Amino acid sequence: MEENINQPPQEYNPETVDTNPGPPIKKIVSLVIGLLVIILIVVLVFVVILPKFSNKEPKNVTLKYWSVFQDTAPLEAAAADFTRKNPNIKIVIENQDVKSLGKYVTRLYTRIDNGTGPDIFRYHNSWAPELKPYLLPLPQNVVKTLELQDKYYPVVENDLKIGGAYYGVPTHFDTLALFVNTEIFSKAGIDTYPTTWDDLVAVARQLTVKDPDGKIITSGAALGTYDNIAHASDIVSLLLVQNGANLLDLGGKTRQNSIDALDFYTSFAKGDTAVWDDTLENSKLAFAKGNVAMYIGYSWDIFEMKNINPNLQFAIVPVPRLPGRSMSVASYWVDGVSAKTKYPSEAFKFLNYIASTEVMQNLYAQESKTRAFGELYPRSDMASQLKSNTLIYPFVQQGKDAVSTIFSSDTYDGEMDDAMNNYLGNAVRSIADDSSSPDTAVDTLAKGVSAVITKYANQQSK
């Protein structure tokens with residue numbers, strides 16, 4: 001240590017002296033900026049980004065729902081119950097008078113396109129391909145919850161499942177069935193009802209009563225013409241499909257099947273053995289008045305008939321069949337969600353609710369308070385609940401073998417159905433009045449059907 005005592009002092013250099021022993025200012029600024037960036041990112045994630053991906057429901061959502069053909073009171077009660085359970089979602093039900101106004105499908109197109117259409121709307125099962133561009137596919141969780149693939153009649157999947165996705169949920173179900181005037185049968189000593197078409201022909205001729213001039217007073221069966229037969233298009237479709245005709249290609253490989261079906265149908269109104277003609281009043285009205293022994297129709301016809309004649313005595317049985325061909329024709333309405341709705345998750349939530357078994361049962365009970373029965377269940381596992389009512393059970397009893405048709409009556413669509421029916425009506429009339437042969441009539445009909453299919457296929461592709 002002594003050796004260092006005499007060493008000269010080091011020269012002062014201000015650049016080597018640390019005059020600020022604390023952390024450098026640049027480091028502090030960098031840390032602050034980094035911290036602010038992190039805070040900003042956290043705020044963006046939790047305040048802006050995450051809410052967009054959350055399932056949080058928007059407040060005060062109002063869904064417009066177009067209904068058809070029904071007293072809306074039970075439906076409005078169900079909608080109010082839904083709102084009680086989901087206070088932020090209000091359902092406004094607007095019942096569409098499709099029969100008086102017509103052109104329902106055109107109104108749907110126009111209103112949805114201009115942004116004033118419904119969020120949820122009811123449509124006929126035959127319109128599914130036509131309306132597909134205006135519908136949202138059902139989410140898989142809704143399909144699974146409602147058991148659409150397992151608990152509904154097979155025709156529902158055939159009609160509503162397009163390209164692997166369902167485009168609606170049935171709200172009810174119906175099929176063509178045979179109405180029988182039990183008084184006419186009883187007076188004639190007939191205690192069994194036709195199960196085959198051969199049976200029906202024989203009984204119809206036996207029960208037809210004519211005056212000395214050959215004018216029909218009591219008809220054995222309302223079949224054979226087009227304009228005075230309720231559901232004529234559906235009934236002809238029934239004969240076509242039972243006879244193996246392909247409705248989408250009537251003039252193709254199954255052309256002869258189509259010819260035979262139309263020839264058979266018109267035979268009920270031709271020749272000395274005719275049981276019906278075009279001078280008689282509408283078949284539904286004639287049956288209600290007790291002037292027809294057999295009539296083919298849907299369950300909703302019962303309401304009209306009972307209003308016309310409360311004392312009418314009749315029974316319902318499955319439609320006649322050909323050997324090995326026991327199908328009937330289905331006609332039903334479906335609830336779908338508009339492709340332009342601003343609230344798809346809320347709309348599907350309501351759809352999931354209104355199509356639940358509990359709500360369908362409640363709706364049926366409420367509807368049955370003001371009429372003979374409620375809307376028939378579209379679920380095959382609920383058919384047994386209607387078994388005790390012999391007047392309506394046959395309609396759902398046929399559900400497992402039901403098929404749909406492109407010739408659906410009473411849809412008042414002003415579009416595809418009406419166009420198809422016009423061609424079918426012309427074919428039946430031309431055969432009935434002998435202005436053309438069944439062969440020619442079928443060829444003309446097949447061309448007309450093909451033209452309609454092409455027209456709407458092209459519209460969808462635009």
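No value in this document is a laboratory result; all are computed from the given coordinates. Quick caveat, the model's predicted, so the values are computed rather than measured. Positions of Cβ are generated from backbone atoms using ideal geometry, with glycine treated the same way; all protein chains shown enter the neighbour counts.
Using θ = phi - 60° and the Karplus curve 6.51 cos²θ - 1.76 cosθ + 1.60, what whole-Hz ³J(HN,Hα) does each residue of the stretch 189-202 get, with Gly and Pro shown as x?
x, 9, 10, 10, 9, x, 10, 10, 5, 4, 4, 5, 4, 5
Can you give the extra length, in nm with one decimal, that the chain gains between Arg371 and Thr390 once fully stretched, where that is 0.36 nm per residue apart less the Cα-Cα distance?
Stretched out fully, the Arg371 to Thr390 stretch lengthens by 5.2 nm.
Between Thr182 and Asn307, how many nm apart are label points set 7 Å from Cα along the C-beta direction?
Each label point is offset 7 Å from its Cα along the Cβ direction, giving 2.4 nm.
So how strong a dipole does the stretch 70-217 carry about its Cα centre when Lys and Arg Cβ are +1 and Asp and Glu Cβ are -1, to the nearest 20 debye?
In total the dipole reaches around 440 debye.
In whole Å, what is the distance between the alpha-carbon centres of the stretch 159-217 and the stretch 409-462?
24
Lysines near Lys215 by alpha-carbon distance under 23 Å, same-chain residues fewer than 8 away left out - which ones?
The reachable lysines, counting only those whose Cα sits under 23 Å from Lys215, are Lys187, Lys270, Lys284, Lys289.
Work through the residues other than Asn228 whose Cβ is under 10 Å from its Cβ and net out their charges, Lys, Arg +1 and Asp, Glu -1.
Spelling it out: positives minus negatives among the neighbours equals -3.
Please determine, in degrees from 0 to 90 and to the nearest 10, the orientation of helix 232-242 with respect to the longest principal axis defined by the Cα atoms of the chain, where the helix direction is its Cα long axis.
The helix 232-242 is inclined about 90 degrees to the chain.
If each of Thr218 and Ala80 carries a label point 7 Å out from its Cα toward its Cβ, how far apart are those two points in nm?
Between Thr218 and Ala80, the simple spin-label model gives 4.9 nm.
Could you list which residues have their amide H under 5 Å from that of Lys90, counting only those 5 or more apart in sequence or on another chain, with H placed in the peptide plane?
The list, which skips near neighbours in sequence, is Val61, Thr62, Leu63.
Can you compute the helix-only [θ] at 222 nm over the chain? Use -39500 (n - 2.57) per DSSP H run of at least 4 residues, normalise by all residues, nearest 500 deg cm²/dmol.
My calculation for the chain gives -12000 deg cm²/dmol from helical runs alone.
Less than 22 Å apart at the alpha-carbon level, and either on another chain or at least 8 residues along: which lysines does that give for Lys342?
Partners within reach: Lys52, Lys56, Lys59, Lys64, Lys85, Lys90, Lys132.
Viscosity 1.002 mPa s, temperature 20 °C: give me the Stokes-Einstein translational D for the chain in µm²/s, with Rh taken as the Kirkwood radius over C-alpha pairs.
Taking Rh from Cα pairs, D becomes 83 µm²/s.
Kirkwood hydrodynamic radius (Cα pairs, Å) of the stretch 341-462?
Hydrodynamic radius (Kirkwood, Cα only) of the stretch 341-462 equals 18.4 Å.
For Ser436 and Asn141, calculate 0.36 nm times their separation in residues minus their Cα-Cα distance, and state this gained length in nm to one decimal.
Once the chain is fully extended between Ser436 and Asn141, it gains 100.9 nm.
Please turn the phi angles of the stretch 272-279 into ³J(HN,Hα) values with the Karplus equation 6.51 cos²θ - 1.76 cosθ + 1.60 (θ = phi - 60°), one per residue in order, whole Hz, x for glycine and proline.
After applying 6.51 cos²θ - 1.76 cosθ + 1.60, I find 5, 9, 4, 10, 7, 8, 7, 8 Hz.
Between Glu157 and Leu36, what's the calculated FRET efficiency when r is the beta-carbon distance and R0 is 45 Å? Round to 0.05.
0.20
Charges at C-beta only: +1 for Lys and Arg, -1 for Asp and Glu. How large is the resulting dipole of the chain about its Cα centre, in Debye rounded to 20?
So the magnitude is around 520 debye.
Grab the Cα-Cα distance for Thr110 and Asn246, subtract it from 0.36 nm times how many residues apart they are, and report the gain in nm with one decimal.
Fully extending the segment from Thr110 to Asn246 adds 45.7 nm.
Residue-wise, which Karplus ³J(HN,Hα) couplings in Hz belong to the stretch 219-227, taking 6.51 cos²θ - 1.76 cosθ + 1.60, θ = phi - 60°, and x for glycine or proline?
Coupling constants for the stretch 219-227: 8, x, 7, 8, 8, x, 10, 10, 6 Hz.
At a Förster radius of 51 Å, what calculated FRET efficiency corresponds to the Cβ-Cβ distance of Thr357 and Arg205, to the nearest 0.05?
Efficiency, from the Cβ-Cβ distance: 0.65.
Helix 357-367 sits at what angle to the longest principal axis of the chain, using alpha carbons and giving 0 to 90 degrees rounded to 10?
Between helix and principal axis, roughly 50 degrees.
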